[in-house]
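What follows is one structure encoded as structure tokens, with my remarks underneath.
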Amino acid sequence: MEKIIIHGQRPLRGEVEINGSKNAAVAILPAALLANDVVILENVPDIADIKNLIQIMREMQVKVDRIDNHTLRIDSRHMINDCANSESVRKMRASYYLLGVLLGRFKNARVAFPGGCDFGVRPIDLHVKGFEALGAEVNAKAIIEMKARELVGTNIFLDIASVGATINIMLAAVLAKGTTVIENAAKEPHVVDTASFLNSMGADVKGAGTDVIRIRGVQKLHGSQYAIISDQIEAGTYMIAGAVTGGDVTITNVIPRHMDSVSAKLREIGITVIEKDETIRVIGSDHMKPTKVKTLPYPGFPTDMQPQMMVLLSMIPGTSMVNESIWDNRFRYVEQLKRLGANIDVEGHIAIIEGVDQLQGGEVQATDLRAGAAMVLAGLAAEGSTTITNIHYIDRGYEGMVRKLTKLGACIERVNDEGPQLTVVEDKIS
Ligand code: EPU
């Protein structure tokens with residue numbers, strides 16, 4: 001079993017480059033299949049979720065070639081519309097985008113149920129309602145089967161501004177007849193990036209980034225070459241790494257506007273955040289103030305940054321509060337953080353944090369992807385050594401985390417039961 005071992009309390013210094021956005025890439029790779037052509041995608045992150053998605057696509061007779069570590073050539077001219085028996089589909093949540101894509105392109109789909117991190121109930125009822133509104137018959141039992149004689153554009157109001165439902169409906173609607181209007185659409189950067197990519201293939205999607213998206217169906221899409229945006233959550237994670245270690249970290253290849261809610265919270269706490277065109281510099285502080293954080297859809301504070309922010313709050317003298325408003329059960333990792341000395345009480349959606357002077361190293365598990373990142377941040381800040389197990393979760397969404405942190409001056413290594421491995425080799429997934 002592989003683990004990460006960290007000897008904490010070293011201030012991180014230097015530059016760290018952010019890779020392509022996981023949550024944009026997991027939508028854009030499937031979206032490429034709508035073209036029945038060849039698509040070149042650049043800035044694709046080299047992470048386990050993408051590796052898994054490539055596996056699913058290959059099982060569906062899509063030809064996927066790596067031009068280099070971050071560039072893929074996707075040829076879907078001979079693909080099939082069935083991934084009902086794929087184990088790989090069950091390994092990740094975002095495989096649900098295959099539903100919208102197969103329905104849009106073939107008007108007929110068979111897809112296994114998606115899996116993913118466990119934050120309580122993760123329904124797809126809004127996706128299904130959207131597909132039904134477009135004219136699909138949906139049968140979701142052991143697998144999800146959908147068919148439609150034709151898809152016809154319509155108005156769809158989302159009860160919740162769901163990222164997945166917004167993107168999935170967009171994917172199904174780009175090749176539908178007439179115009180689809182999604183109201184109360186999600187506004188996350190990856191929604192906008194997916195719309196931009198669809199437009200680069202000849203789709204007609206307007207309004208992405210606002211809460212009304214209009215999709216005028218077109219007859220056909222064509223191949224394209226497109227670079228995926230950089231990862232908002234990876235950037236935020238390294239911003240907090242700078243803050244929890246009292247360091248001075250410059251994050252490069254970032255879109256500062258996407259980080260506004262995180263930057264504002266860090267400034268409120270007393271951290272210095274300096275934004276330039278494509279970089280953000282974070283300088284730690286000895287005088288941090290407690291605060292309140294509520295997770296909200298974009299442009300609010302992202303739920304995917306909640307565990308990382310919790311680590312910082314747990315080190316700030318005084319009482320802070322976190323209100324998780326997106327997921328039912330995203331505080332499971334708190335038990336792990338308490339093992340390192342954090343003083344946190346969770347009641348339903350609210351966590352009350354009494355800051356402690358010092359986190360102490362110990363043995364913890366990654367309970368999901370962002371929780372895993374939070375354990376790494378806690379280990380960087382803690383006194384002594386911290387061992388993190390279940391690190392396959394971290395690999396799902398962070399490219400080269402050990403390598404990047406080592407370059408910033410962290411004392412961190414990845415080991416398996418046979419002992420340390422070479423950082424550069426072990427930390428790359430391709
Ligand atoms: N919801 C429903 N019905 C639905 C869909 C969603 O009730 O049909 C509810 C969910 O239960 C949740 C809320 O709506 O309470 C928001 O869920 P959303 O659909 O926006 O989440 P998602 O699309 O499944 C994406 C990200 C998550 C991120 C959320 C919220 C991807 C692949 N995943 O999930 O990212 O937490 O949006 O921003 O884009 C992560 O990267 O670690 C991660 C979990």
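None of the figures in this text is laboratory data; all of them are computed from the coordinates on show. Here the structure is a predicted model, which means the values were calculated and not measured. Positions of Cβ are backbone-derived with ideal geometry, glycine not excepted, and every protein chain shown enters the neighbour counts.
Summary of values
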| quantity | calculated |
| --- | --- |
| Neighbour-limited loop hits for GluC sites (Glu not before Pro), region 110-187 (at most 14 other Cβ within 10 Å; DSSP other than H, G, I, E, B) | E150 |
| N36-R403 FRET efficiency (beta carbon distance; Förster radius 41 Å; 0.05 resolution) | 0.60 |
| 222 nm mean residue ellipticity, helices alone, for the chain (DSSP H n ≥ 4; -39,500 (n - 2.57); rounded to 500) | -9000 deg cm²/dmol |
| Where trypsin sites (Lys or Arg not before Pro) fall in DSSP loop in region 251-347, at most 13 other Cβ within 10 Å | K276 |
| Most to least packed among 165-175, 13-23 [average Cβ atoms within 10 Å] | 165-175, 13-23 |
| Set K3/K91; K63/K187; K63/K129; K294/K338 screened for pairs whose C-alpha atoms are more than 24 Å apart | K63/K187; K63/K129 |
| Partners for K404 among aspartates and glutamates (Cα-Cα distance below 17 Å; same-chain residues under 8 apart left out) | E15, E17, D46, D231, E234, D248, D395, E413, E426, D427 |
| C-alpha center-to-center spacing [region 348-406, region 1-69] in angstrom | 22 Å |
| Label-reachable residues, region 142-168, where backbone N falls under 14 Å from a point 7 Å from T179's Cα toward its Cβ | 153-156 |
| Extension gain, N69 back to D204 (0.36 nm per residue minus Cα-Cα distance, nm) | 45.5 nm |
| Spin-label model distance (nm) - I352 vs A264, 7 Å beyond Cα toward Cβ | 2.6 nm |
| Low-density loop positions, trypsin sites (Lys or Arg not before Pro), region 143-228 - DSSP coil, at most 14 other Cβ in 10 Å | R149, K220 |
| Under 17 Å from K147, Cα to Cα: aspartates and glutamates that are on another chain or at least 8 residues apart | D82, D125, E132, E137 |
